[in-house]
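Readers should treat all values here as calculations from the given coordinates under stated rules, not as data from a laboratory. The structure presented is a predicted model; accordingly, all values stated were derived computationally and were not measured. So basically every Cβ, Gly included, is an ideal-geometry build from the backbone, and we count neighbours across all protein chains shown.
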Amino acid sequence: MTVKIESKCILCVRKAIQEKYCEYHYEAVRSLSDHYEVWKSRYGEISWYDYLSRLQKIKLTGKWVKEVIEIELENIKKNDKKMR
Ligand SMILES: [Zn+2]
């Protein structure tokens, strides 16, 4: 017998379908990482953090994407501190 834990999206109240995101936020993450590959092949090597910071400055990004960028950047900052 297994107990299934219903996890929630870390960004909203919806059910998480993948890791920590709901379908909308997960979709945003997916399009972000797809775009990351395109960006790298076009402009050369860039870190995930730099890429997200740049996107954050461009005001074209949609609501879901923006929220994902914010939380991802927060996580990277936290992990950075742990490593130091
Ligand atoms: Zn969500």
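See the values below:
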| item | result |
| --- | --- |
| Mean Cα-pair separation over length for the chain, i.e. relative contact order, pairs under 8 Å, 6 or more apart, % | 22 percent |
| Gain upon complete extension [residue 79, residue 15; 0.36 nm per residue less C-alpha separation] | 20.5 nm |
| Principal-axis tilt of helix 63-83 within the chain, Cα atoms, nearest 10 degrees | 90 degrees |
| Principal-axis tilt of helix 23-43 within the chain, Cα atoms, nearest 10 degrees | 20 degrees |
| By average C-beta atoms within 10 angstrom, highest first, the peptides 19-31, 62-74, 35-47 | 19-31, 62-74, 35-47 |
| Net lengthening on full extension, residue 23/residue 39 (0.36 nm per residue, minus Cα-Cα) | 3.4 nm |
| Highest-first arrangement of 75-82, 49-56, where packing means the average Cβ count within 10 Å | 49-56, 75-82 |
| Qualifying lysines (Cα of each under 27 Å from Cα of residue 63; at least 8 residues distant if same chain) | 8, 15, 20, 40, 77, 78 |
| Rounded to the nearest 20 debye, dipole of the chain from Cβ charges on Lys, Arg, Asp, Glu | 280 debye |
